[in-house]
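Take a look at the structure below.
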Amino acid sequence: MTALYRWAPWVYFAAALLFIFLPVLVLIQFSFQSGLAPVPPFDGPSLKWWAKVLANRKITDGLTNSLLVGLGSAFVATVLGFLAAYSLARKRRRLSGFYQFLLMAPITVSYLIIGMGLQITFNYLGLGKSLWAIGIGHVVINLPLTFAILYSQLGEHQANIERAAYDLGAGDWRVVLEITVPMLWPSLLAAFFIAATLSWDEFVIAFLMSRFDVTLPVVIWSMLRSGLSPELNATGTLVFIISILAVGVVEFLLWRSRKHHA
Amino acid sequence: MKGWNLKNWGHAPALAWTAVFFVAPLIAMLVMSFSARIDGKITLTWTLDNYRSFLTRADGTFVGALWNSIEVTVLTTIISVLVAYPLAYILAYRVPKNWQRFALVLTVLPFWTSYVVRSYSWLLVLSENGIINQFLLWAGILDTPIGMGNSRFATVLGFVHFFAMLLTLTIYANLVQIKDSYRKAANDLGANGWQAFWYITLPLSVPGVAVGAFLTFVLAIGDYITPQILGGAKEMLLPQAVMLQIGRQADFPLASALSMILMLVITAAFMVFAKRLKMERV
């Protein structure tokens, strides 16, 4: 019984990891497939599908577009989220609750609905589909996240430090730029990278708001519809590698800032 | 200068963005749902036809799609919580402190793969030559391989895979905030491990479960990709019905009406979860 009690958690942990990693590992393996079939049995290893992916203009263009939209919309969402979090955390208003509710509301609505609403609105106003339109939609879906992350970090402890700076004669802008922003730096970066990774992989809004310039998920989608090939597996693995690099950067920065503060 | 500082207007740009690009489009969609297509042109006629066709379509496609969506989403949410909770618990209380961060990042690493590709990669795993069939054949459980893709099972599996990771994050974040002293106090008062868990840890972790379950519900019920790739042609979920109206027929009024119904379901779910969802500053 005690042996069971001791080992059961680790057995569960291992099984859960297997479940979580299974599709990813199979995907990576079959990106090195040699034949035409993207599915088992495995007949590789071969790098020919990787070479095809890197030479495929549609994929590399989609990759660039995705990165542009992801980084751009994440930047806007982080700046807007920070300004709102600061203002709402530092000054009480009669309507504070309502403002918070409004800012968080998009998180309770499906991306599909947000995308369709934007498409209808853009149609009505005669605005075309473009990377800008996708970016606008992605700011909408990421704003609640950046706002919530940053708002949660603007507690009393930070407010006291800001008050000290005011008492020492610093102006509003100086306090924000020289005290608040540096204090929140790890959270700002985390918010930015989370927004960027969610945006660059987002499908439905990008699909509805794009025509000629498409992002990578939309490219992958059309590849999927025109037939399966190991090229898809290689593309998916590439996306995974880039996302992991972003996660690695965030983790490293958070780790370093924790070490500084500890 | 006093009136022109961040504390006074900092929230304005974000609110304006949300109003223009979120609230206004929703209103546009609501209006659209009362419009009709006359000779290919969309005109606002304040008709209820779109909602009527949701209810009365002879083949029952739309009502059926709504039910399918609700069933799949509820099933997904429940299974995901059941898979994720023990995982988050092990990460928070069994993995040594120094390794927790690493173990957590490792556990949710596949969260960052492309969403489209992640769904599709389950097809590789579930295919007739796939690893699961291979294993079942090897273990003697099956005599001939079975195709497991293109089914509701595959859709729910794909969903659970993604949302178990999301829930592990929210539940873990909640568990590590529960102070050790609470459980120690329970132990001092004579509670055994299970009692301390049942009366102390579990109730205190409800907010983390609620946040994750709510996000799971919203994201799963509105998702088009996973059912489209893994679900096959046998049944249709509501987002697929919406996309079908936009894509093939450009029937925006009907698509809008279906979306409003989807939003109604999400709002109802929000009411259920609302009491447990709270924003706090640390």
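The values are calculated or read from the model by the stated rules, or taken from the named source; none is laboratory data. What you are looking at is a predicted structure, and each value in this text was computed from that prediction instead of being measured. Neighbour counts are summed over all protein chains in view; Cβ atoms, including those assigned to glycine, are modelled from backbone coordinates with ideal geometry. Accessible surface is based on the protein model in full, side chains and every heavy atom, while ligands, DNA and RNA are left aside. Shrake-Rupley method; radii C 1.70, N 1.55, O 1.52, S 1.80 Å.
Looking at B:ALA173, is it modelled with pLDDT of 85 or more, more than 9 Å from chain A (Cβ to nearest Cβ) and in contact with a Phe, Trp or Tyr (Cβ under 8 Å, 6 or more places away or on another chain)? No; evaluated as a whole, the condition is false for this residue. So which of A:SER210, A:SER229, A:SER199, A:SER257 is touching a His at 6+ places or on another chain (Cβ under 6 Å), in contact (Cβ under 8 Å) with a residue 60 or more places away in the chain and among the hydroxyl-bearing types (Ser, Thr, Tyr)? Step by step, each of A:SER210, A:SER229, A:SER199, A:SER257 is checked, and only A:SER199 is touching a His at 6+ places or on another chain (Cβ under 6 Å), in contact (Cβ under 8 Å) with a residue 60 or more places away in the chain and among the hydroxyl-bearing types (Ser, Thr, Tyr).
Among the conditions (1) within 27 Å of A:PRO217 (Cβ to Cβ); (2) buried (at least 20 other Cβ atoms within 10 Å of the Cβ); (3) not β-branched (Val, Ile, Thr), the only one that A:ALA85 does not satisfy is (1).
Somewhere in the stretch B:96-105, is a residue in a helix (DSSP H, G or I) and facing chain A (nearest Cβ under 7 Å)? So far as the stretch B:96-105 goes, yes, one or more of its residues are in a helix (DSSP H, G or I) and facing chain A (nearest Cβ under 7 Å). The residues listed here are B:THR61, B:THR77, B:THR56, B:THR45; of these, the one that is of a type in the set (Val, Ile, Thr) and either buried (at least 16 other Cβ atoms within 10 Å of the Cβ) or closer than 30 Å to B:ARG183 by Cβ (or both) is B:THR77. Examine the stretch B:180-201 for a residue that is open to solvent by less than 40 Å² (accessible area, probe 1.4 Å), outside any loop (DSSP other than H, G, I, E, B) and at pLDDT 90 or above, and state whether such a residue exists. The answer is no; no qualifying residue exists. Taking the stretch A:84-169 as the region of interest, the helices (runs of 4 or more DSSP H) fully inside it that hold 1 or more residues being within 7 Å of chain B (Cβ to nearest Cβ) and modelled with pLDDT under 90 are A:111-125, A:131-152. Could you grab me the full set of residues in the stretch A:175-198 that are open to solvent by 50 Å² or more (accessible area, probe 1.4 Å), within 11 Å of chain B (Cβ to nearest Cβ) and either of a type outside the set (Val, Ile, Thr) or not in a helix (DSSP H, G or I) (or both)? Of everything in the stretch A:175-198, those that are open to solvent by 50 Å² or more (accessible area, probe 1.4 Å), within 11 Å of chain B (Cβ to nearest Cβ) and either of a type outside the set (Val, Ile, Thr) or not in a helix (DSSP H, G or I) (or both) turn out to be A:LEU177, A:LEU198. The set of residues in the stretch B:119-141 being more than 8 Å from every other protein chain (Cβ to nearest Cβ) and open to solvent by 30 Å² or more (accessible area, probe 1.4 Å) consists of B:GLU128, B:ILE132, B:PHE135, B:LEU136, B:LEU137, B:TRP138, B:ALA139, B:GLY140, B:ILE141. Of the numbered criteria (1) aliphatic (A, V, I, L, M); (2) assigned to a helix (DSSP H, G or I); (3) loosely packed, with under 15 Cβ neighbours inside 10 Å, the one B:ALA173 fails is (3). Only one entry in B:VAL116, B:VAL108 is more than 7 Å from chain A (Cβ to nearest Cβ), open to solvent by less than 30 Å² (accessible area, probe 1.4 Å) and of a type outside the set (Asp, Glu), namely B:VAL108.
Residues considered: A:ASP201, A:ASP172. Of these, the only one that is under 26 Å from B:PHE111 (Cα atoms), open to solvent by 10 Å² or more (accessible area, probe 1.4 Å) and facing chain B (nearest Cβ under 10 Å) is A:ASP201.
Scanning the stretch A:212-227 for residues that are in contact with an Asp or Glu (Cβ under 8 Å, 6 or more places away or on another chain), at pLDDT below 90 and within 7 Å of chain B (Cβ to nearest Cβ) returns no hits. Screening the stretch B:148-168 for residues that are open to solvent by 60 Å² or more (accessible area, probe 1.4 Å) and either in contact (Cβ under 8 Å) with a residue 60 or more places away in the chain or among the charged types (D, E, K, R) (or both) and picking the one that is nearest to B:ILE221 (Cα to Cα) gives B:ARG152.
Note on the stretch B:9-42: among residues that are open to solvent by less than 40 Å² (accessible area, probe 1.4 Å) and more than 9 Å from every other protein chain (Cβ to nearest Cβ), the one that is nearest to A:LYS91 (Cα to Cα) is B:SER33.
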